[in-house]
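Notes for the one structure printed next.
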Amino acid sequence: MSMKPVFARRTVLAAAAALAATAFPALAQETVKIGVILPMTGPSASTGKQAEAAAKLWIQQNGATVAGKKVELIIKDDTGAPDVTKRLAQELVVNDKVNVLLGFGLTPLALAVAPIATQAKIPQIVTAAATAIITEQSPFIVRTSFTLPQATVPMAQWSAKNGIKKVVTLVSDYGPGIDAEKAFKDEFTKGGGEVVAELRVPLRNPDFAPFLQRVKDASPDAVFVFVPSGFGSAFMKQFAERGLTQAGIKLIATGDVTDDDVLNELGDSALGVVNTHHYSASHDSPENKAFVEAFKKANNFRPNFMAVGAYDGMQLVYKALEKTKGNADGQALLDAMKGMSWTSVRGPVQIDPETRDIIQNIYVRKVEKVGGELFNQEFATIEKVKDPVKAAKKQ
Ligand code: VNL
């Protein structure tokens, strides 16, 4: 009988300890684990290569400790297949007990993980995929890349103001392409232009030739194009072969087509292409000069917007950990990320506290040769652009 109170007290203590461990598991954990899932092989391998290099550069430059916590990257290759992305995310959450998931090279890959982020209550930082609806699929998704409507609306506005009246749109047939097609048409029509045909090309193994022939037959002033990062060279090769430029048809695009990773392979047929995007390797700022130099030194290739998305994704995790003083609980990190602003190598950025998308400048650029290399040379800036789809829904 006399043992009873002691026993009971022990039980209470044990229960309290167990409760504390479940309520504050991240506080007890000394290492913050970031599960990075990227397409390292397959058709979007360039995205994985860029993002991995940037995440590693961030740690090399800023150290593997923040707010007293050690940071560990666990990098996985999903080969660009959504079922693999999903399985890897589950394993990272259940077995490795990661505090953050980061990466996601294509829209279907980001979408496959959204329910897991919601269930695990940990931030899913989307550093690449860019269909507008992605951030609405989980309250734990935060995006450091961009949205296609965000990048496209300024292209439509510039076109309407610069003598382009008739356009054919040609996009990859999936989320971001359809976003770009709609955003371009809506805005260009508002500006008095006309979209005379909307063409969708399969995402996998695209043959652009028959579509380019249809563009040629419609003889518009310009063709507006979206293909994902890494597909620009295949497109440009066929564009040049079909003689569209000689037929007087201008190429306008989002910067995904003239992506810095492949731009030098596109050859002189890319010269003069006007496009809109959030990052250029030639962006003129001290932060970007230092970034490009360090990136090239570490990797022997230049960074593109996929590298910058991942670099800022890492920066966001570090800033959030500083703000929470090392508390890596998912909800605490998420709350710290909302509204966070910083000077990115792309220019000033902020995580929209309402949508968890990124508010950033969109630049109008022209492909030019500088020092023997092709660059997207920025010549106009539209400041602090929000995702226009969500901004319109709010009104
Ligand atoms: C996506 C959008 C992918 C833009 C991209 O490159 C890109 C996407 C791989 O949301 O799937 O440039």
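The values are calculated or read from the model by the stated rules, or taken from the named source; none is laboratory data. Note that the coordinates shown come from a computational prediction; the quantities given were computed from them, not determined experimentally. Neighbour counts are summed over all protein chains in view; Cβ atoms, including those assigned to glycine, are modelled from backbone coordinates with ideal geometry. Please note that ligands, DNA and RNA were not included when accessible areas were found on the heavy atoms of the full protein model with its side chains. Shrake-Rupley method; radii C 1.70, N 1.55, O 1.52, S 1.80 Å.
Cα centroid distance between the stretch 303-363 and the stretch 150-186, in Å?
Between the Cα centre of the stretch 303-363 and that of the stretch 150-186, the gap is 27 Å.
Counting Lys and Arg as +1 and Asp and Glu as -1, each charge on the Cβ, what is the dipole of the chain about the Cα centre in debye, to the nearest 20? Kindly include the intermediate steps, with their values, before the conclusion.
Working: 45 positive and 41 negative charges, 217 e Å.
Using only the charged Cβ atoms, the result is roughly 1040 debye.
Could you compute the FRET efficiency for residue 60 and residue 217, with r as their C-beta to C-beta distance and R0 at 41 Å, rounded to 0.05?
Once rounded, the FRET efficiency stands at 0.20.
Please enumerate, by chain and number, the lysines with C-alpha under 17 Å from the C-alpha of residue 297, excluding those fewer than 8 residues away in the same chain.
Qualifying lysines at Cα under 17 Å: 49, 56, 289.
Could you report the stretch 286-388's accessible area per residue, 1.4 Å probe, as an integer in Å²? Walk me through the numbers before you get to the answer.
Numbers: 4210 Å² over 103 residues.
I get 41 Å² per residue for the stretch 286-388.
Give the relative contact order (percent, whole number) for the chain; include only Cα pairs under 8 Å separated by 6+ residues. Let's see the in-between values first.
Working: 811 pairs, mean separation 67.4, N = 395.
Over the chain, the number comes to 17 percent.
Heads up, I need the accessible area for residue 284: 1.4 angstrom probe, whole protein in place, Å², nearest 10.
Using a 1.4 Å probe on the heavy atoms, I get roughly 120 Å².
Report Rg(Cα)/(2.2 N^0.38 Å) for the stretch 311-360, keeping two decimals.
On the way: Rg = 10.4 Å, N = 50, 2.2 N^0.38 = 9.7 Å.
Taking N as the residue count of the stretch 311-360, the ratio is 1.07.
At residue 70 and residue 298, where each label point lies 7 Å from the Cα along Cα→Cβ, what is the point-to-point distance in nanometres?
2.0 nm
Enumerate the helices in the chain for which the Kyte-Doolittle hydropathy averages -0.5 or more and the C-alpha atoms extend at least 27 Å along the helix's axis, using complete DSSP H runs. Let's see the in-between values first.
Working: long enough: 3-23 (30 Å, 1.00).
Those that pass (Cα extent of 27 Å or more, hydropathy at least -0.5) are 3-23.
Please label the shape of the chain as rounded, prolate or oblate, based on the square roots a ≥ b ≥ c of the eigenvalues of the alpha-carbon gyration tensor (a/c under 1.5 means rounded; beyond that, a/b larger than b/c means prolate, else oblate).
Prolate, because a/c is 1.5 or more and a/b exceeds b/c.
Give a quick list of trypsin sites (Lys or Arg not before Pro) in the stretch 37-133 that DSSP marks as loop, anything other than H, G, I, E or B, with at most 15 other Cβ atoms within 10 Å.
On the way: sites: 49, 56, 69, 70, 76, 86, 87, 97, 121; in loops: 97, 121.
Here the sparse-neighbourhood loop sites are 97, 121.
Please work out the Cα center distance from the stretch 204-251 to the stretch 134-149, rounded to the nearest Å.
One Cα centre to the other: 29 Å.
In percent, how large is the relative contact order of the stretch 140-186, given Cα pairs closer than 8 Å and 6 or more residues apart? It would help to have the intermediate numbers written out before the result.
Working: 25 pairs, mean separation 23.4, N = 47.
Computed over the stretch 140-186, the figure is 50 percent.
Rolling a 1.4 Å sphere over the protein heavy atoms, what is the accessible area per residue of the stretch 196-253, to the nearest Å²? Mind dumping the intermediate values first?
Numbers: 2540 Å² over 58 residues.
Normalised by residue count, the accessible surface of the stretch 196-253 is 44 Å².
Looking at the chain, send over the antiparallel percent of its DSSP beta bridges, to the nearest 5.
Details: 23 of 60 bridges.
Taking every DSSP beta bridge within the chain, about 40 percent pair in antiparallel fashion.
Which percent of the Cα-Cα distances in the stretch 301-395 go past 18 Å?
Here the long-distance tail beyond 18 Å is 57 percent of all Cα pairs in the stretch 301-395.
Carbon and sulfur together cover what percent of the accessible area of the stretch 199-330 at a 1.4 Å probe radius? Spell out each step's value before the answer.
Working: 2370 of 4970 Å².
Roughly 48 percent of what the probe reaches on the stretch 199-330 is carbon or sulfur.
If I take all pairs of Cα atoms in the stretch 255-296, what percentage of them are more than 16 Å from each other?
When all Cα pairs of the stretch 255-296 are counted, 42 percent exceed 16 Å.
Residues with beta-carbon under 12 Å from that of residue 116, excluding residue 116: net charge, scoring Lys, Arg +1 and Asp, Glu -1?
+2
How large is the translational diffusion coefficient of the stretch 123-240 in µm² per second when you combine the Kirkwood radius over alpha carbon pairs with Stokes-Einstein at 4 °C and 1.567 mPa s?
86 µm²/s
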